[in-house]
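Below is one structure, written out as structure tokens, with a few remarks after it.
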Amino acid sequence: MQKPRYLELEGRSAGYYLLLVILGCFIAAGLAAFIYMEHEGHWVTRMNNQIVWGTPHVFAVFLIVAASGALNIASISSVFGRAIYKPLAPLSALLAMALLAGGLAILVLDLGRPERVVIAMTKYNFKSIFAWNMILYNGFFAIVLVYLWMMMERRFNKYSKVAGFFAFIWRLTLTTGTGSIFGFLVAREAYDAAILAPMFIVMSFAYGLAIFNIIVVAAYGWTQRDLGPAMLMKLRRLLGIFIAAALYFVVVYHLTNLYITQRHGIESFILLGTGEDIYMKVFWIGQILVGGVIPLLLVYAPRLQCRASLVLASVLVILGGLSQMYVTIIGGQAYPLEIFPGKTVTSSFSDGIINAYSPSLPEVMLGLAGVAIAFFLVVFAIKVLRILPQSLADRDVDPHYIAEKQTA
Amino acid sequence: MSDDTSLNLTRRQFLGTSSALAGLAIAPGVFLTKVAHAGDTEAATDKNRWGMLIDTSKCATGCNECVTACNKENGISGTHGPATDAQWIRKVTLTDKQTGYVQSLPLMCQHCANPPCVDVCPTGASMKRADGIVLVDKHICIGCRYCMMACPYKARSFIHEVLEEQKAVAPRGKGTVESCTMCVQRVDANRGEADKSKHVDPACVEACNASGHKAMWFGDLKDPDSEIATELKKHGGQQLRADLQLNTGVRYQGIT
Ligand code: SF4
């Protein structure tokens, strides 16, 4: 195995520009939605005083969680010393930053007063998990940027392991922070659970890797660079493990809730449904079936060991991730607050009822724009920076491949 | 009520820093109050803790006087429908699942001593004054709505649209969050008035009394001679979601 050689994309084909234009259109549409929402006020969305975080948050939290997971490949190579992943470490770091940027863009543009984002950066209430996250997000950019630099600059290569270690710790903290945004909400039945933080970490592994896989396969396919079966097999196995681990956490989370009598209401709301709401379906079909069971089959079924199945599994994991966020964020708010136990409650402010919500077009546009921003950054960066290894053929990445050949 | 001191400290420290940063040599804790209520001579202090007591047995089902009065006092009017309109106070009807007993009560910000909205607010816009009133500083609220996620009583509203014809006493703004202020403008006006008989109640309490139901008391929980403290001492009062130990400033009687 030789030292990986990194090469910019040529990026002069019509396809490349078309991709940038398409992503640009999504970004422009999102900005238009933002201006509209900002000008009119949030009443033009379907968010309201009951569902205060809507579709933009589903996308934003998904991207932020995935950002941390996208750094996995880099962590596994630097922190855990697995040589085969090393060539892809820079791409992993780049994707992590891009996804975080996309997620944060949505969060900021969905604020009631986005122009005051500077206040959020200058006035901190240190008891607020949100304020902590502000620091964690900014720190993530800084640390991963340094890490990327250490990896790319030959002179500093020797420091990349230390930087990678820092980035690893930081990103675990970051996802703990993101999970805790919900975990620390004592008032709401769906949240208020310490397990949300580790659950978010494990989910981040799966979501981040799924996006990473798609980018790797697409980039190597479109540029006709070599991508050998050894690397694909590694990515596939890793995805399988992460999906299974995420499912395990979901089971534990719900079992714990099912044990607590007080939580039976919210559990039956999510798991059994009321017949009128979609959360039960989004949970079982979206999160569990599409995002968990089917991708597991695709990853492990012996007859399906091809590139297409890996890409399909990854796409499904992403859809499952968005479903999970929808159930967690919107389902959690749709379920009424239990202020008066033992009472049926009615009021002019939607007390005691399941709160209605469906995504509105501007919200979806803003959410998709965040995704587009992340992809745009990656597509652009791999053209101007030497991020992508020239080849991921087995002979270039797999230490055992060389070893076998040499002993043979 | 003793457990609110630590939070006050943090608040003071925070305010202290921000005032100092702004180069203002004003006593900590005064700064934001001054911004919101310029003209008052004295600052709110922790000598008082303002609170309310609601006797649900006197609160009439169907009566909406408190809500109407609040809306009038603070300039809250409907715009785009109930889903997005602000409601600082609402009437809630409870029916016991086992006995079928029906009762009605007003619900608003409970002015907790340990308010979750203040804990989660990233900028410190959600704040508790020294006298226990929980407010939002509209100048630094970024409209993230995390406080709305955190409030166990759904007491807060987000301003979903451009507002017109606001009341000078209750400044509001699109894209920020707001909730019951206990009619802080009235509380502050009372502070400048030595004659206690001239003190006015928050609009909701005033209206409830005027309607003859007399289901609401307002007063200083720290003053043992106040009507509210005496009544609480005699007959007790229950906190909503007492399990969360937020030490609410609004208490209820008669929820059975
Ligand atoms: S909406 Fe405003 S008051 Fe509420 S948490 Fe966010 S910044 Fe604080």
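Kindly check whether there is at least one residue in segment B:165-175 that is touching a residue at least 24 places away in the same chain (Cβ under 8 Å) and at the interface with another protein chain (Cβ under 10 Å from one of its Cβ atoms). Break it down into steps so the answer makes sense when it comes.
Quick first cut of segment B:165-175, residues touching a residue at least 24 places away in the same chain (Cβ under 8 Å) only: B:165-167, B:169-173, B:175.
Still in the running and at the interface with another protein chain (Cβ under 10 Å from one of its Cβ atoms): B:173, B:175.
Within segment B:165-175, one or more residues are touching a residue at least 24 places away in the same chain (Cβ under 8 Å) and at the interface with another protein chain (Cβ under 10 Å from one of its Cβ atoms).
Could you tell me which numbered condition B:Pro202 fails, if it satisfies all but one of (1) over 14 Å from the mean Cα position of the chain (by Cα); (2) more than 13 Å from the ligand (Cβ to nearest atom)?
Unmet condition: (1).
Looking at A:Ala190 and the list (1) away from chain B (no Cβ under 12 Å); (2) small (Gly, Ala, Ser); (3) in a loop (DSSP other than H, G, I, E, B), which single condition is not satisfied?
A:Ala190 satisfies every listed condition except (1).
Would you mind telling me which numbered condition in (1) more than 13 Å from the ligand (Cβ to nearest atom); (2) touching a helix residue (DSSP H, G or I) at 6+ places or on another chain (Cβ under 8 Å); (3) under 20 Å from B:Pro202 (Cβ atoms) B:Gln166 fails?
Condition not satisfied by B:Gln166: (2).
Identify the single condition in (1) touching a helix residue (DSSP H, G or I) at 6+ places or on another chain (Cβ under 6 Å); (2) more than 10 Å from every other protein chain (Cβ to nearest Cβ) that B:Ala130 does not satisfy, given that it satisfies every other one.
Of (1) touching a helix residue (DSSP H, G or I) at 6+ places or on another chain (Cβ under 6 Å); (2) more than 10 Å from every other protein chain (Cβ to nearest Cβ), only one is false for B:Ala130: (1).
Among the residues of segment B:139-158 satisfying the criterion of being more than 7 Å from every other protein chain (Cβ to nearest Cβ) and more than 9 Å from the ligand (Cβ to nearest atom), which is modelled with the highest pLDDT?
Per the criteria, the residue is B:Ala155.
Restricting to segment A:269-320, name every residue that is on the phi < 0 side of the Ramachandran plot and small (Gly, Ala, Ser). Steps first, answer last, please.
Step one: list which residues in segment A:269-320 are on the phi < 0 side of the Ramachandran plot, which gives A:269-272, A:274, A:276-320.
Of everything in segment A:269-320, those that are on the phi < 0 side of the Ramachandran plot and small (Gly, Ala, Ser) turn out to be A:Gly286, A:Gly291, A:Gly292, A:Ala301, A:Ala308, A:Ser309, A:Ala313, A:Ser314, A:Gly320.
Of the residues B:Val136, B:Val120, which is within 10 Å of the ligand (Cβ to nearest atom), among the aliphatic types (A, V, I, L, M) and within 10 Å of another protein chain (Cβ to nearest Cβ)?
On the way: B:Val136 fails: within 10 Å of another protein chain (Cβ to nearest Cβ).
Step by step, each of B:Val136, B:Val120 is checked, and only B:Val120 is within 10 Å of the ligand (Cβ to nearest atom), among the aliphatic types (A, V, I, L, M) and within 10 Å of another protein chain (Cβ to nearest Cβ).
Between a residue in segment A:172-187 that is within 12 Å of another protein chain (Cβ to nearest Cβ) and outside any helix (DSSP H, G or I) and any residue that is among the charged types (D, E, K, R) and surrounded by fewer than 24 Cβ atoms within 10 Å (Cβ to Cβ), which pairs come within a Cβ distance under 6 Å, given they are 6 or more apart or on different chains?
So the pair list comes out as A:Leu185/A:Asp192; A:Val186/A:Asp192.
Would you mind finding the one in B:Ala125, B:Ala113, B:Ala86 that is of a type in the set (Gly, Ala, Ser) and either more than 16 Å from the ligand (Cβ to nearest atom) or out of contact with any Asp or Glu (no Cβ under 9 Å at 6 or more places or on another chain) (or both)? Can you show your working first?
Working: B:Ala125 fails: either more than 16 Å from the ligand (Cβ to nearest atom) or out of contact with any Asp or Glu (no Cβ under 9 Å at 6 or more places or on another chain) (or both); B:Ala86 fails: either more than 16 Å from the ligand (Cβ to nearest atom) or out of contact with any Asp or Glu (no Cβ under 9 Å at 6 or more places or on another chain) (or both).
Going through B:Ala125, B:Ala113, B:Ala86 in turn, just one is of a type in the set (Gly, Ala, Ser) and either more than 16 Å from the ligand (Cβ to nearest atom) or out of contact with any Asp or Glu (no Cβ under 9 Å at 6 or more places or on another chain) (or both): B:Ala113.
With respect to B:Ala215, determine if the residue is away from chain A (no Cβ under 12 Å), more than 16 Å from the ligand (Cβ to nearest atom) and surrounded by 22 or more Cβ atoms within 10 Å (Cβ to Cβ). Let's see the steps before the verdict.
On the way: away from chain A (no Cβ under 12 Å): yes; more than 16 Å from the ligand (Cβ to nearest atom): yes; surrounded by 22 or more Cβ atoms within 10 Å (Cβ to Cβ): yes.
It is true that B:Ala215 is away from chain A (no Cβ under 12 Å), more than 16 Å from the ligand (Cβ to nearest atom) and surrounded by 22 or more Cβ atoms within 10 Å (Cβ to Cβ).
Looking at segment B:204-230 only, could you name the residues that are among the polar types (S, T, N, Q) and either in contact (Cβ under 8 Å) with a residue 12 or more places away in the chain or not in a helix (DSSP H, G or I) (or both)? Lay out the reasoning, then the answer.
So the first thing to find is which residues in segment B:204-230 are among the polar types (S, T, N, Q), and the list is B:209, B:211, B:226, B:230.
Within segment B:204-230, B:Ser211, B:Ser226 meet the criteria.
Out of curiosity, is A:Ala206 more than 21 Å from A:Leu296 (Cβ to Cβ) and out of contact with any strand residue (DSSP E or B) (no Cβ under 7 Å at 6 or more places or on another chain)?
Values: more than 21 Å from A:Leu296 (Cβ to Cβ): no; out of contact with any strand residue (DSSP E or B) (no Cβ under 7 Å at 6 or more places or on another chain): yes.
The answer is no for A:Ala206.
Counting just the residues of segment B:188-202 that are assigned to a loop (DSSP other than H, G, I, E, B) and among the charged types (D, E, K, R), which one comes out surrounded by the most Cβ atoms within 10 Å (Cβ to Cβ)? Working first, answer last.
Of the residues in segment B:188-202, the ones assigned to a loop (DSSP other than H, G, I, E, B) are B:192-195, B:199-202.
Next, from what is left, pick out any that are among the charged types (D, E, K, R): B:193, B:195, B:201.
Details: B:Glu193: 11, B:Asp195: 7, B:Asp201: 20.
Only one residue fits best here, namely B:Asp201.
Does segment B:90-111 include one or more residues that are in contact with a Gly (Cβ under 8 Å, 6 or more places away or on another chain) and surrounded by 21 or more Cβ atoms within 10 Å (Cβ to Cβ)?
Keep residues of segment B:90-111 that are in contact with a Gly (Cβ under 8 Å, 6 or more places away or on another chain), which gives B:96-98, B:103-104, B:110-111.
Now restrict to residues that are surrounded by 21 or more Cβ atoms within 10 Å (Cβ to Cβ): B:110-111.
Yes, the conditions are met somewhere in segment B:90-111.
Being touching a residue at least 24 places away in the same chain (Cβ under 8 Å), surrounded by fewer than 20 Cβ atoms within 10 Å (Cβ to Cβ) and more than 16 Å from the ligand (Cβ to nearest atom) narrows it down to one residue among B:Gln185, B:Gln245, B:Gln238; which is it?
Unique residue meeting the criteria: B:Gln245.
What is the residue count in segment A:114-137 for residues that are of a type in the set (S, T, N, Q) and surrounded by fewer than 16 Cβ atoms within 10 Å (Cβ to Cβ)?
Just the residues of segment A:114-137 that are of a type in the set (S, T, N, Q), to begin with: A:122, A:125, A:128, A:133.
When the remaining residues are screened for being surrounded by fewer than 16 Cβ atoms within 10 Å (Cβ to Cβ), the result is A:122.
The total comes to 1.
From the list A:Phe130, A:Phe126, pick out the single residue that is part of a helix (DSSP H, G or I) and not basic (Lys, Arg). Show your work before the answer.
Numbers: A:Phe126 fails: part of a helix (DSSP H, G or I).
Selected residue: A:Phe130, the only one of A:Phe130, A:Phe126 that is part of a helix (DSSP H, G or I) and not basic (Lys, Arg).
Which count do you get for residues in segment A:107-122 that are part of a helix (DSSP H, G or I) and either away from the ligand (no atom under 14 Å from the Cβ) or aliphatic (A, V, I, L, M) (or both)?
Taking segment A:107-122 as the starting set, the residues that turn out to be part of a helix (DSSP H, G or I) are A:107-109, A:114-122.
Those left that are additionally either away from the ligand (no atom under 14 Å from the Cβ) or aliphatic (A, V, I, L, M) (or both): A:107-109, A:117-121.
Matching residues across segment A:107-122 total 8.
Determine, yes or no, whether A:Ala83 is surrounded by fewer than 15 Cβ atoms within 10 Å (Cβ to Cβ) and either more than 19 Å from A:Leu109 (Cα to Cα) or within 14 Å of chain B (Cβ to nearest Cβ) (or both). Write out each step before concluding.
On the way: surrounded by fewer than 15 Cβ atoms within 10 Å (Cβ to Cβ): yes; either more than 19 Å from A:Leu109 (Cα to Cα) or within 14 Å of chain B (Cβ to nearest Cβ) (or both): yes.
Yes: the conditions hold for A:Ala83.
Anything in segment B:231-250 that is under 22 Å from B:Thr45 (Cβ atoms) and either in a helix (DSSP H, G or I) or at pLDDT below 95 (or both)? List them, or say none.
B:Leu232
Within segment B:78-100, how many residues are touching a residue at least 12 places away in the same chain (Cβ under 8 Å) and more than 20 Å from A:Lys343 (Cα to Cα)? Break it down stepwise before answering.
Of all residues in segment B:78-100, those touching a residue at least 12 places away in the same chain (Cβ under 8 Å) come to B:79-80, B:84-94, B:96.
Filter once more, keeping what is more than 20 Å from A:Lys343 (Cα to Cα): B:79-80, B:84-88.
Of the residues in segment B:78-100, 7 are touching a residue at least 12 places away in the same chain (Cβ under 8 Å) and more than 20 Å from A:Lys343 (Cα to Cα).
Per-residue answers, yes or no, for (1) within 15 Å of the ligand (Cβ to nearest atom); (2) within 30 Å of A:Pro229 (Cα to Cα):
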{"site": "A:Gly30", "(1), (2)": "no, no"}
{"site": "A:Phe34", "(1), (2)": "no, no"}
{"site": "A:Val65", "(1), (2)": "no, yes"}
{"site": "A:Leu71", "(1), (2)": "no, yes"}
{"site": "A:Leu94", "(1), (2)": "no, yes"}
{"site": "A:Met97", "(1), (2)": "no, yes"}
{"site": "A:Ala105", "(1), (2)": "no, no"}
{"site": "A:Tyr124", "(1), (2)": "yes, no"}
{"site": "A:Phe140", "(1), (2)": "no, no"}
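Quick one: which residue in A:Leu296, A:Leu319 is more than 14 Å from chain B (Cβ to nearest Cβ), aliphatic (A, V, I, L, M) and either within 17 Å of the chain's Cα centre (by Cα) or farther than 29 Å from A:Asn213 by Cα (or both)? Full working, then the answer.
Numbers: A:Leu296 fails: either within 17 Å of the chain's Cα centre (by Cα) or farther than 29 Å from A:Asn213 by Cα (or both).
Checking each option against the conditions leaves just A:Leu319.
Only residues in segment A:44-62 that are at the interface with chain B (Cβ under 8 Å from one of its Cβ atoms) and farther than 14 Å from A:Leu368 by Cβ count as the first member; pair them with residues that are β-branched (Val, Ile, Thr) and assigned to a loop (DSSP other than H, G, I, E, B), Cβ under 6 angstrom, at least 6 apart or cross-chain, and list the lot.
A:Asn48/B:Thr84
Kindly establish whether A:Phe184 is modelled with pLDDT of 90 or more and either surrounded by 22 or more Cβ atoms within 10 Å (Cβ to Cβ) or more than 14 Å from the chain's Cα centre (by Cα) (or both). Step through it out loud before you land on a result.
Working: modelled with pLDDT of 90 or more: no; either surrounded by 22 or more Cβ atoms within 10 Å (Cβ to Cβ) or more than 14 Å from the chain's Cα centre (by Cα) (or both): yes.
Considered against the rule, which asks whether it is modelled with pLDDT of 90 or more and either surrounded by 22 or more Cβ atoms within 10 Å (Cβ to Cβ) or more than 14 Å from the chain's Cα centre (by Cα) (or both), A:Phe184 comes out as no.
So is A:Ala101 under 30 Å from B:Glu161 (Cα atoms), within 16 Å of the ligand (Cβ to nearest atom) and of a type in the set (A, V, I, L, M) or not? Give the derivation first.
Numbers: under 30 Å from B:Glu161 (Cα atoms): yes; within 16 Å of the ligand (Cβ to nearest atom): no; of a type in the set (A, V, I, L, M): yes.
When the stated conditions are applied, A:Ala101 does not pass them.
The values are calculated or read from the model by the stated rules, or taken from the named source; none is laboratory data. Quick caveat, the model's predicted, so the values are computed rather than measured. Cβ: placed from backbone, ideal geometry, glycine included. Neighbour counts: every protein chain shown.
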